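The values are calculated or read from the model by the stated rules, or taken from the named source; none is laboratory data. Since the model is a prediction, treat every value here as computed from it, not as a measurement. Please note: Cβ atoms are built from the backbone with ideal geometry, for glycine as well, and neighbour counts cover all protein chains shown.
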Amino acid sequence: MNVHVHRARATARTARLCPASAADRPGGIAVPAIHDLANRLRFAPSQGRIWLDDQRMMLMHVSSLGALRQELIESLGKETARGLITRIGYQAGARDAEMAKKLRSGASAMDHFLAGPQLVSLEGIVHCEPIAIDIDVASGRYFGDFYLIDCAEAEAHLASYGVGDEPTCWMLVGYACGYTSTFMGRPILWREIECRGMGHDRCRVVGRPVEEWSDDARDDLRFLQIGDFVKWTAAPASTPNATQRLASRPAGGGENSFGMVGISSGFNTVCHMVKKVAPTQATVLFLGESGVGKEIFSHNLHRLSKRANSPFIAVNCAAIPEQLAESELFGVEKGGFTGATVSRPGRFERAHGGTLFLDEIGTLSFTAQGKLLRALQEGEIERVGDTRVRKVDVRVVAATNVNLRDAVREGAFREDLYFRLNVFPIRVPPLRDRRDDIPLMMNWFMQRACKKHGKTVTGFRERAVDALINYRWPGNVREMENMIERAVILADDGGALDLCHLFTAGEEVSVATFVVQKNGALRADDRLGEEEPASPTALPALADTEARMLRLALAEADGNLSLAARLLSISRPTLAYRLRKHKIAAA
């Protein structure tokens, strides 16, 4: 965008820009290049995903947005629909503010702040032209005045309702409130003072702190029942309706009531099923690969149950020798077998009144399976070497990473026990099937590791984010936790996590994403694993460029040196020499 600078003051913490004169239009304020933001946009069509930094995005028809708005307005009423749409925008703005903090850390306050208007442009929502900005984060001073050019939201509303007498860019106003409030750390209220939906040539919004609006801001604030804005309302609503409760949920999918993080449909489905079954007495069977978090979900099931104040006893059946499985589960009487010098209660007795979690239950011996079936059916156990039957009140929660149906067919697992355990099965999907959770987990595990080891890490490098999102995670959540903890230990204090810190145990890393070029076209992102330039504008070293060309030629020729040499217009011996020079394997 071709604009002129009108700057009265600018520092790393404060910046003030004055309105442009008519001769300086359009714009009037210098806006930083958008390439640093555009470079964080990734397309992975083979996975059906689009990523902007570590946030999953989606393309949507403007006509579909219009149809959705119309249905919300006609089914919920204009007031409720506007509140819902405004709060959706607020959540998006708050997320983008967090993203901007990472993408432009170290930039001036002005360039940092203008990432928000540029992000909505990159997301295809609207083109923002700053008219005037006065911002001082330290003192909390803020004033903003923007033109919204060619707004998709206004276009969608106009297609459904035509020109009216009220502003229509509800989502964008919510976005501006969320972005600026998160950026400033205080509630900033925006209003749309001109709108295409009212017949103006373009939309225009103005924002300032809530208390600085000369008239009563309550009319605007009723649509923003979020975060700090709640304290600015005249009085709390007596009972929030379903729409208000939905819209007021915290953004970001941070640590939830489960003590876990996740936002994917797979994760939320498991949480929903756990909450449904927790208050009952039903036996629960968790299914899923190793490392997906079955024991963590079991802990939370117990915490949400009526037995929460009673013991939670966990036992890994695979870690118990076969000859000791019965005594571990059901206890042993003195002299029950050689070496049993004292009587000892088993896990069932220790879990009396509470929950017993049996992990890797498919490894139990047939004898132990029979006794377990009796304990489940009759609520009775018998210690090894004892003739006394003891009553126990235990809720059994089991887990396995094997297909018990197959084990039953193969004769390795009792069919009657399988059906007794399979009262309420819950399948926990592997991490590769819920990639939306990966960005949340990355930051969560990083923060935990930093706190544990007393380190300060600023975040993840761009190529590290790409690699983590595209990695197949055979070890699931456990592998990610260990990998990021290892990376935090290896990283320099105050630095960022990069590939060299993460994939240090021979993991195979590949990426199938695309980036946007300056002309708007897509190209394959082949930067993974290569050194980045020292600065965003620096050119790569000649040796790095040569090495990259060699690798690309080899890949194009499927390892055929003669063909690769022809592609590079050099001889085969020259190619072999340069491969040795750059230590590139020929096959």
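Summary of values
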quantity	calculated
Selection within segment 169-193 - surrounded by 24 or more Cβ atoms within 10 Å (Cβ to Cβ) and small (G, A, S)	G174, A176, G178, S181
Only one of E295, E289 that is within 27 Å of R432 (Cα to Cα), touching a strand residue (DSSP E or B) at 6+ places or on another chain (Cβ under 8 Å) and in contact (Cβ under 8 Å) with a residue 24 or more places away in the chain	E295
Breaking point among (1) out of contact with any Cys (no Cβ under 9 Å at 6 or more places or on another chain); (2) surrounded by fewer than 24 Cβ atoms within 10 Å (Cβ to Cβ), for D134	(1)
Subset of segment 395-409 (residues that are touching a residue at least 12 places away in the same chain (Cβ under 8 Å), assigned to a helix (DSSP H, G or I) and among the charged types (D, E, K, R))	R405
Some residue of segment 113-132 being among the hydroxyl-bearing types (S, T, Y), over 27 Å from R196 (Cβ atoms) and outside the structural domain of F460 (by TED's automatic domain parsing)	no
Residues being in contact with a Lys or Arg (Cβ under 9 Å, 6 or more places away or on another chain), in a loop (DSSP other than H, G, I, E, B) and more than 20 Å from N316 (Cα to Cα) - total across segment 410-429	0
Meets criteria (surrounded by fewer than 17 Cβ atoms within 10 Å (Cβ to Cβ) and either among the charged types (D, E, K, R) or at positive phi (or both)) for G370	no
Whichever residue in segment 336-376 is charged (D, E, K, R) and farther than 22 Å from F413 by Cβ and, among such residues, is modelled with the lowest pLDDT	R344
Count of residues meeting criterion [closer than 12 Å to V62 by Cβ and under 32 Å from the mean Cα position of the chain (by Cα)] in segment 147-170	8
Residue within segment 456-472 that is buried (at least 17 other Cβ atoms within 10 Å of the Cβ), in contact with a helix residue (DSSP H, G or I) (Cβ under 6 Å, 6 or more places away or on another chain) and not in a helix (DSSP H, G or I) present	yes
One residue from L421, L440 being out of contact with any Asp or Glu (no Cβ under 7 Å at 6 or more places or on another chain), touching a residue at least 24 places away in the same chain (Cβ under 8 Å) and closer than 18 Å to L103 by Cα	L440
Helices (runs of 4 or more DSSP H) within segment 286-394 that include 3 or more residues closer than 30 Å to T269 by Cα and under 42 Å from the mean Cα position of the chain (by Cα)	294-304, 366-378
Residue within segment 130-146 that is over 28 Å from the mean Cα position of the chain (by Cα) and polar (S, T, N, Q) present	yes
